[in-house]
Amino acid sequence: MRTADVIRNTNETRIRVSINLDGTGKHTLQSGVPFLDHMLDQIARHGLIDLDIHCDGDTHIDDHHTVEDIGIALGQAVAIAVGDKAGLRRYGHSYVPLDEALSRVVIDLSGRPGLQFHVPFTRARIGTFDVDLAREFFQGFVNHAQATVHIDNLRGENAHHQCETVFKAFGRALRMAVEQDPRNGGVIPSTKGVL
């Protein structure tokens, strides 16, 4: 089983993340940010990744540190769980609709962090959740998973739908990227021989 446990403690957040890339989508989510829990649920369910995330953060200030640091810890956990990436598909992509909204996410477990985030949210908040924090979550993830991720919301009028399609598509793209490729022969999928 490709699993990882990460503990990340700072002056702003105390986070524990457990991940199983070969799971069924089981999850326990206690981020302290209800909308983020809803989005992490999408990653687990649609990525078929078991997730256990617990965070005690300084949400009395705002949600920024909690959301960003969970992205960081999740990225660290994925990096550990994929190991040397031998036999992986490496690339993953997904288009996901939700009513009027449609998003595309493309992932390369390249060993190089890079984020292209193009989501023109139609409003600044979803309930109490600041939509700018979605980008911060993914920036934290790519920096520590050492992955290149392109995120595009192609259309949408409802900000909740826009955000949810992004997280669902991310889960499905990640699921594809971390899958073992039976035709690969256990080789690291790179002409360099390392990722």
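Since every read-out is calculated from the coordinates, none of them should be taken as a lab result. Just so we're clear, the structure is a prediction, and the values are computed from it rather than from any experiment. We place every Cβ from the backbone using ideal geometry, glycine too, and count neighbours over all the protein chains shown.
Placing a label point 7 Å from the Cα of Asp99 along the Cα-to-Cβ line, no residue of region 25-44 has its backbone N under 16 Å from it. A crude spin-label estimate for the pair Val187 and Asp58, with each label 7 Å from Cα along the Cβ direction, gives 5.0 nm.
For region 3-178, what does the alpha-carbon gyration tensor say about shape, rounded, prolate or oblate, given a ≥ b ≥ c as the root eigenvalues, a/c under 1.5 as rounded, and a/b over b/c as prolate?
Numbers: a/c = 1.57, a/b = 1.06, b/c = 1.48.
Since a/c reaches 1.5 but b/c is at least a/b, the shape of region 3-178 is classed as oblate.
With Cβ to Cβ distances under 9 Å as the rule, what net charge do the other residues near Ile151 carry (K, R +1; D, E -1)? Value of the local net charge: +1. Working from Cα pairs under 8 Å separated by at least six residues, relative contact order for region 1-110 is 26 percent.
When only the Cβ of Lys, Arg, Asp and Glu is charged (+1, +1, -1, -1), the dipole of region 3-178 relative to its Cα centre reaches about 700 debye.
Hey, can you list the DSSP H helices of the chain whose Cα span along the axis is 15 Å or longer and whose average Kyte-Doolittle score is at least 1.6?
Details: long enough: 34-47 (19 Å, -0.34); 64-82 (27 Å, 0.98); 132-145 (20 Å, -0.15); 159-178 (29 Å, 0.10).
Length and hydropathy pass: none found.
Loop-located trypsin sites (Lys or Arg not before Pro) across region 1-64 with a Cβ neighbour count of 14 or fewer within 10 Å are Lys26, with loop assigned by DSSP. Counting beta carbons within 10 Å around each of Glu100, Glu68 and listing the fewest first gives the order Glu100, Glu68. Counting only lysines at least 8 places from Lys192 when in the same chain, those with an alpha carbon closer than 26 Å to its own are Lys85.
Semi-axis lengths, largest first, of the ellipsoid equivalent to region 35-124 are 23, 20, 14 Å, with √(5λ) applied to each eigenvalue of the Cα gyration tensor.
Excluding Ile43 itself, what net charge comes from residues whose Cβ is under 14 Å from its Cβ, given Lys and Arg +1 and Asp and Glu -1?
Values: positive: Lys26, Arg45, Lys168, Arg172, Arg175; negative: Asp37, Asp41, Asp50, Asp52, Glu164.
With Lys, Arg at +1 and Asp, Glu at -1, the neighbours total 0.
In order along region 114-122, the phi-based Karplus estimate (6.51 cos²θ - 1.76 cosθ + 1.60, θ = phi - 60°) of 3J(HN,Hα) comes to x, 10, 10, 10, 10, 10, x, 4, 7 Hz; Gly and Pro are listed as x.
Charged neighbours of Arg125, selected by a Cβ distance under 14 Å, balance to -3 (K, R count +1; D, E count -1). Each of His150 and Gln116 was given a label point 7 Å from its Cα along the Cα-to-Cβ line. The distance between the two points is 0.4 nm. Relative contact order of the chain, taken over Cα pairs closer than 8 Å and 6 or more residues apart, is 26 percent.
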